[in-house]
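Below is one structure; the comments refer to it alone.
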């Protein structure tokens, strides 16, 4: 007859494997109240996301190209000339745009949805 492994032991192994040992002491009470490991992981995710929202989400930059009425970033001379944009008072530009839509934030969002 197989014995069940205590949830506390599985939880500690999970924290060490995921390099999240710093959360060990914060979740002592939740480990006692939790029904199973997915419940604990959901609580951990919720706590970490709450902390990140208070501190701000990850920021990043993405490269964009656009036809603008003013110069922003670098001018794409080939595209501007080929499409004759200057005749219409426009210029093709490539620039970096600040965004909160980073792969890390998308991963957190997907985990929260699941």
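The values are calculated or read from the model by the stated rules, or taken from the named source; none is laboratory data. Because the structure is predicted, anything quoted here is derived from the model rather than measured. Cβ placement follows ideal geometry from the backbone for every residue including glycine, while neighbour counts extend to all protein chains displayed.
Remarks
- Among the residues listed as 88, 109, the single one being without any contact (Cβ under 8 Å) to a residue 12 or more places away in the chain and surrounded by 12 or more Cβ atoms within 10 Å (Cβ to Cβ): 109
Matching residues to (1) at pLDDT 75 or above; (2) touching a helix residue (DSSP H, G or I) at 6+ places or on another chain (Cβ under 6 Å):
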position	(1), (2)
7	no, no
12	no, no
31	no, yes
41	yes, no
46	yes, no
64	yes, no
67	yes, no
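- Of all the residues in region 43-61, those that are within 30 Å of residue 73 (Cα to Cα) and loosely packed, with under 11 Cβ neighbours inside 10 Å number 2.
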